[in-house]
1. Check which residues have an amide H placed less than 5 Å from VAL107's amide H, if you skip close sequence neighbours.
2. Classify the range 11-61: rounded, prolate or oblate, from the alpha-carbon gyration tensor (a ≥ b ≥ c, eigenvalue square roots; a/c under 1.5 rounded; otherwise prolate if a/b is larger than b/c)?
3. Per residue of the range 192-205, in order, report the coupling 6.51 cos²θ - 1.76 cosθ + 1.60 (Karplus, θ = phi - 60°) as ³J(HN,Hα) in whole Hz, putting x for Gly and Pro.
4. Each label point is 7 Å from the Cα along the Cα-to-Cβ direction; what then is the distance between the points at ASP193 and GLU99, in nm?
5. Whole-Hz ³J(HN,Hα) for each residue in the range 120-129, computed from phi via Karplus 6.51 cos²θ - 1.76 cosθ + 1.60 with θ = phi - 60°, x for glycine and proline: what do you get?
6. What is the fewest-to-most order of SER300, SER320 by other Cβ atoms lying within 10 Å of their Cβ?
7. One quarter of the convex hull surface, Cα atoms only: what value does that give for the range 181-337 in nm²?
8. How far apart, in nm, are the 7 Å Cα→Cβ label points at ALA271 and ASN219?
Amino acid sequence: MAQRLGKYTLCLPSMPAIAGYAAVAGKKEGEGPLGDKFDFVYEDSSAGAKTWEKAESIIHGDAVRRAISKAGLTDEQINVIFAGDLLNQCIGTTFGIRETGIPFAGVYGACSTMALSMALAAASVDGGLAGTAVASTSSHFCSAEKQFRMPLEYGGQRTPTAQWTATAAGATVISNCLGKAAIEKIIIGSIRDYGIKDANNMGAAMAPAACRTIADFLNDTCTRPDEYDMILTGDLGAVGSDLLCELMTKQENIDISAVHADCGLMLFDLAKQKDVGAGGSGCGCSGAVLCSEILPKIESGELKKVLFVGTGALMSSVSSLQSESIPAIAHGVLITGGEK
């Protein structure tokens, strides 16, 4: 059973294993630095569907099926799936997995959904509520732009601080079996709101939440940044990453710059790829980066201890139109390597 460390962090004694994982992505993401590491790249961002929302569902369902297959399991052997996305009522998820028959617990953490779903899945496995659980998420550039900003046909100009919502999905299978990557600790973050109202500057809105969660985790576990191979955020982009390191140093007196990396900066090549702005964003960004780049390196032993901190802006199209500020959240999952 989980044991609480300090005020916010939970230690999972059974260390649930990541038995399988998969990442699929769109054409633009496939042209980035991680293109050859995805399980599949869709050359057509519509995935053969008539709407962007249906395309996202196809992509999400594909990642889930691939992860389950790579774990050597079937849908019937999965006890529960924790999953969500950015769309209203999480329709990218529900329509993508509805045919699996797997018991479903929908979660919403905006771009932090991958970390949140993995934390809940790991806690369920550790507590004996599930033997095997799936944690997954997705996003799609076109469906997100349509919901949160303007339809693509409008042709609105993007600001330099704006991030490019990833057309991608990631899925992990978390189990009580043996594995080369395991979830050792989790932390559920608290909402932070610094009054940012610009929906095209998500990094600035989310950086304070990431700062709070990382500081709380390090304090609860009595550890230092140099004890980790990587502290991975997802996804602050260029603006938010700089702000995070500054906040950590000035507010918490903790320097994470030597081990910090951000999924939004890993998914795209900001110098070579056009229109990616300050980097990647969206639920699928951190999900796809984690399942294509990070987990393989943990399994191979190249990385042994990664604190994955998913960040999310808890806004909606309605709240933005009502001139509300953007509350943010960050959840953490400590992933360690080595056979259990």
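1. ALA83, GLY84
2. Cα axes put the range 11-61 in the oblate bin.
3. Couplings: 10, 9, 9, x, 5, 10, 7, 5, 9, 9, 5, x, 5, 6 Hz.
4. Placing both labels 7 Å along Cα→Cβ, they lie 4.2 nm apart.
5. In residue order, the calculated couplings are 5, 5, 5, 5, 5, 5, 4, x, x, 6 Hz.
6. SER300, SER320
7. Mean projected area for the range 181-337: 9.1 nm², to one decimal.
8. 3.8 nm
FYI, it's all coordinate maths here, none of it is from the lab. Note that this is a predicted model, so its numbers are computed, not measured. So basically every Cβ, Gly included, is an ideal-geometry build from the backbone, and we count neighbours across all protein chains shown.
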